[in-house]
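Contents: one structure, followed by commentary.
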Amino acid sequence: MLTEEEVRGSLEQILVPGVMRSLVQMNLVRGVEVKDGEVKVTLASTAMPAEAQDWLQDKVTSTIRELTGVKEATVDVVEAKPKELNQIQDIVAVMSGKGGVGKSLVAGLLAAALAREGNAVGTLDADITGPSIPKMFGLITHLSGSESGILPILTRSGIEVMSMNLLLPNEDEAVIWRGPLMSKAITQFWEEVLWGELDYLVIDLPPGTGDAPLTVMQAIPLSGVIDVFTPQELTEMIVKKAIKMAQKLNVRVLGVMENMSYLLLPEIGKKLEIFGRSKGEEMAKASGAPLLGKLPIDPELAKLCDQGEIERYSSDAVSEIFANVIAVLNERKVD
């Protein structure tokens, strides 16, 4: 006898045009009814242009009719807002008290590492005036969707990405906006983008403690934040500002991470601390959160980012950071 599970399993094979994840992964299947060989599937039309809706209805109907025991198949379409459909297990924001410390780099590496382990991952680039996530992932395609929502762009490894640069006519176009407009855009990226079902959403925050980070921390249910810094004397004061912001807003600090910590000289097996002595342990103590890891200066990583191929990069340091982030998130669930 035909079951609802069999019908849903067949729908796993149908990819949504424009994003190339299945109907089930995008959480567009709103209902499945099976009775006496008659199957009725209800789909949400969210972010689907008219032609995509027609194609999906025809594809779902023909797919169901191929199942054994099906006498009749019908497909209904209902309206729904993206925020009603999005189901995200963990949302991690990567922040920094100042610019130029590699916050976007860390966000990109974390998303790539999570996806490499088979997780469904998205990246929300909340740095409206200085978006760099699309460049690191080699994305130049413009976003698609409809009046009911926006579809994210997929990277080579299947990471969903939403960024202001994907909406601009040219990637070097300047976004000259005041704070309220940036905050509104971030809210739209969260509420009006069809993320579907994700294990992790990584948010790349702009530096500082202004409107944009404030909007993210107040409007989005974060699992926690990761604070990125570099080993310089000015670091301690700047890091404490960002950490205090998170604490005042009751957002958990998952940990701190030191970027550009050292340059490895493989010929002699030595670590050269170009920007001064590591501040990792001090920053962890100041934040009351663990040190997630230290990322070295690596010319190979810089080259891959310039080429839009950050997903190809892996190292022991990145693996350690990834494992520590997962461990901290799992500790929260146990608590």
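The values are calculated or read from the model by the stated rules, or taken from the named source; none is laboratory data. The shown structure was predicted, so the numbers you read here are calculated from the model rather than taken from an experiment. A quick note on method: Cβ atoms are made from the backbone with ideal geometry, for glycine too, and the neighbour counts reach across all protein chains shown.
What the table below lists for this structure:
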{"item": "Residue ID - surrounded by the fewest Cβ atoms within 10 Å (Cβ to Cβ), chosen from residues in segment 203-248 that are in a loop (DSSP other than H, G, I, E, B) and of a type in the set (S, T, N, Q)", "result": "Q232"}
{"item": "From L291, L272, L301, residue being of a type in the set (A, V, I, L, M, F, W, C), assigned by TED's automatic domain parsing to the domain that holds V251, touching a residue at least 24 places away in the same chain (Cβ under 8 Å) and over 20 Å from L234 (Cβ atoms)", "result": "L301"}
{"item": "Residue check, K103 within 23 Å of D227 (Cβ to Cβ), basic (K, R) and buried (at least 23 other Cβ atoms within 10 Å of the Cβ)", "result": "yes"}
{"item": "P169 vs. criteria in a loop (DSSP other than H, G, I, E, B) and either within 14 Å of the chain's Cα centre (by Cα) or modelled with pLDDT under 95 (or both)", "result": "yes"}
{"item": "Those residues of segment 140-163 which are over 18 Å from L15 (Cβ atoms) and either free of Cβ contacts under 8 Å to residues at least 24 places away in the same chain or in contact with a strand residue (DSSP E or B) (Cβ under 7 Å, 6 or more places away or on another chain) (or both), in sequence order", "result": "E147, M162, S163"}
{"item": "In segment 302-321, the residues that are under 20 Å from the mean Cα position of the chain (by Cα), crowded, with 16+ Cβ neighbours inside 10 Å and at pLDDT below 95", "result": "V318, I321"}
{"item": "Residue among I274, I268, I297 that alone is surrounded by fewer than 20 Cβ atoms within 10 Å (Cβ to Cβ), β-branched (V, I, T), out of contact with any Gly (no Cβ under 9 Å at 6 or more places or on another chain) and more than 21 Å from L109 (Cβ to Cβ)", "result": "I268"}
{"item": "Residue that is farthest from V121 (Cα to Cα) [pool: residues in segment 2-41 that are polar (S, T, N, Q) and surrounded by 13 or more Cβ atoms within 10 Å (Cβ to Cβ)]", "result": "S10"}
{"item": "Only one of I128, I150, I91 that is under 30 Å from A174 (Cα atoms), assigned to a loop (DSSP other than H, G, I, E, B) and among the hydrophobic types (A, V, I, L, M, F, W, C)", "result": "I128"}
{"item": "Which listed residue, of V121, V175, is buried (at least 22 other Cβ atoms within 10 Å of the Cβ) and either among the aromatic types (F, W, Y) or on the phi < 0 side of the Ramachandran plot (or both)", "result": "V121"}
